[in-house]
Amino acid sequence: MSDSKPYTVMKEARRRPGSEWLKDHPRWMEYFYDGTVAALGVAYPLMKRVSPRFAETLLIWNEKVFKGYLYNCQMCGQCVLHSTGMTCSMNCPKNLRNGPCGGVRENGHCEVIPERRCVWVQAWERAQRLPKYGDELCWIMPPVNRTLQGTSAWANMMEGRDFDYPPGWIAIADMEHEAIAISK
């Protein structure tokens with residue numbers, strides 16, 4: 001029997017060398033995110049016009065390689081990194097999209113993967129250091145649309161598919177518009 005500490009083997013528990021340091025400096029990632037949105041706003045329509053299949057394949061590959069390394073991206077197709085302190089909420093073993101469960105330990109660690117800090121504790125700490133998107137952590141996110149799993153979140157954002165909510169979900173803004181219409 002070994003004296004080594006047991007560890008949890010889950011894809012959500014993976015950590016890459018250097019990635020935690022980058023995530024702990026989210027302001028740089030926020031600048032990179034804004035630059036990528038601007039660049040894709042120009043490049044994606046051109047790439048799609050030339051070859052839609054190549055554009056999607058290239059974006060998926062980039063997300064798997066770069067977001068996979070940096071954030072342990074789970075390829076949900078609806079990335080909200082900028083809204084969660086540059087911390088992937090899909091790395092929560094329970095896939096919670098709106099904050100921590102009731103099982104966060106006193107030391108800030110996860111109840112499912114006890115040797116790891118809770119994704120949402122990390123998101124809160126990192127969001128405090130984001131000047132532009134930090135407040136978005138308090139927004140209520142819709143549930144993940146599982147039909148987008150494995151697709152490019154960048155392509156989905158450019159096409160507006162990242163706002164295709166699961167059946168039955170009503171966005172708060174839509175509820176407010178309905179309430180105003182009814183009250184008139």
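Here are a few things to note about the model shown:
- All Cα pairs of region 11-183, percent lying beyond 22 Å: 48
- Separation between Cα centres of region 93-124 and region 32-56, rounded to whole Å: 34
- In a fully extended conformation the segment linking V50 and E136 would gain 27.5 nm over its present Cα-Cα distance, using 0.36 nm per residue.
- Where a label projected 7 Å from the Cα of T147 along Cα→Cβ would reach, residues of region 48-88 with amide N under 12 Å: none
- Relative intensity, log₁₀ I(q)/I(0), of region 48-105 from a Debye sum that treats every alpha carbon as a point, q = 0.18, 0.24, 0.25, 0.28 Å⁻¹: -0.68, -0.97, -1.01, -1.14
- Sites matching GluC sites (Glu not before Pro) across region 19-116 that sit in DSSP coil, with at most 13 neighbouring C-beta atoms within 10 Å: E106, E115
- Fully extending the segment from E115 to F32, taken as 0.36 nm per residue of separation minus the present Cα-Cα distance, adds 26.9 nm.
- Loop-located chymotrypsin sites (Phe, Trp or Tyr not before Pro) in region 70-177, at most 14 other Cβ atoms within 10 Å (DSSP): W139, W169
- Compared with the direct C-alpha span, the chain from T57 to L40 gains 4.7 nm at full extension, assuming 0.36 nm per residue.
- Region 76-144 has equivalent-ellipsoid semi-axes of 19, 14, 9 Å, by the square roots of 5 times the alpha carbon gyration tensor eigenvalues, sorted largest first.
Bear in mind these aren't lab numbers, they're just calculated from the coordinates by the rules spelled out. Treat the numbers as computed from the prediction; the structure is a model and nothing was measured. Note: ideal-geometry Cβ built from the backbone for every residue, glycine included; neighbour counts use all protein chains shown.
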